[in-house]
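Each reported figure results from applying straightforward, stated rules to the coordinates on display, with no laboratory input. Just so it is clear, the structure is predicted and the values come from calculations on it, not from any experiment. Because the Cβ atoms are built from the backbone with ideal geometry, glycine has one as well, and the counts that use them run over all protein chains shown.
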Amino acid sequence: MRAVYRRRLPSRLLALMTVVLLAGGLAGCATPPPADDPDAVADFRQTNDPLEPTNRVFYKINDGLDTYVMKPVAQAYRDVLPAPVRTGIHNVLDNLGGPVRLTNDSLQGKPRRAGDTAMRFLINTTAGLVGIFDVAKKVGYPAHDTDFALTLANWDVPEGPFLFLPILGPSNPRDAAGYGADIAIDPFTWIGRGTTPQKIGSWTRTAFNVLDERSGLLDVIDNVKKTALDPYATFRSLYRQNRAGKLSTLRADSAATIPIWWPQGQHAGENRGSQDQTPR
């Protein structure tokens, strides 16, 4: 499941929201339990949400914006556009993220993943008509998701306390910094920067990213709000599980480094019997 409430926004806006949250946190920190209650102290540390009062304020603001703006727009997007069209848009957006994934795959020390990403971008940009069709997946180059925050996590940078950022939603200092870094290393951020076409393209991409992601989470978010006793705590838990799952997948991916032009699925099928002996 994709991360709840993730948005692609300009880095300056991200920085501003982080400053607002941290400034608000100075006046809205959760009070630690007394030291003579070890169970409460352990729960407080496990929750790792010292800014919870401030985070909950931003959750309520975000929830209002989502209920009255984002959800209706995302619902209309899903109702108006046929599924094949939405899939094509999603594929194009995913393909545009190829250079960022390639950079992070390389920084994570995952050459096999980097090879898959490079081939996916090459094949889908050409044979897939700018990414509308995921041709690379059909010929054996599987998709995967990664970002700079996972790069940091892979090298044991701690996540820090939980944050609920305005508009962006669930996060933490490591993920917020990684999000800004991904925008900075994205070549499409800088190509034609400052020109009218670049500005239009950037905001169009942002809008479709938000619509694509929010429409894909319509049922999940509705279900949480209807069934959870504390939706804020549930979204916090879901976000952490999602990020932990991606990090676990990243670290477990030790596929052998083989020529970039060999599809990973085909290679795995041909060498399944000797996989344990393949150098990592």
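Which of 71/226; 110/246; 110/138; 71/199; 60/226 have a Cα-Cα distance over 18 Å?
On the way: 71/226 15 Å; 110/246 14 Å; 110/138 22 Å; 71/199 25 Å; 60/226 15 Å.
Over 18 Å apart, Cα to Cα: 110/138; 71/199.
Once a ≥ b ≥ c are taken as the square roots of the eigenvalues of the Cα gyration tensor of region 119-203, is the result rounded (a/c under 1.5), prolate (a/b larger than b/c) or oblate (a/b not larger than b/c)?
oblate
Based on the mean of other Cβ atoms within 10 Å per residue, sort peptides 145-158, 218-231 so the most packed one is first.
Sorting 145-158, 218-231 by mean packing, highest first, produces 145-158, 218-231.
Can you tell me the FRET efficiency between residue 233 and residue 196 if r is taken as the Cβ-Cβ distance and R0 is 35 Å, rounded to the nearest 0.05?
0.20
Which order do 125, 249 fall in if you start with the one that has the fewest other Cβ atoms within 10 Å? Write down the numbers at each step before the final one.
On the way: 125 17, 249 13.
Least crowded to most crowded, the residues run 249, 125.
May I ask for the distance between the Cα centers of region 78-108 and region 113-191, given as a whole number of Å?
That distance is 10 Å.
When ranked by the protection proxy of mean other Cβ atoms within 10 Å per residue, highest first, what sequence do the peptides 89-96, 170-177, 67-74 form?
Packing order, densest peptide first, comes out as 170-177, 89-96, 67-74.
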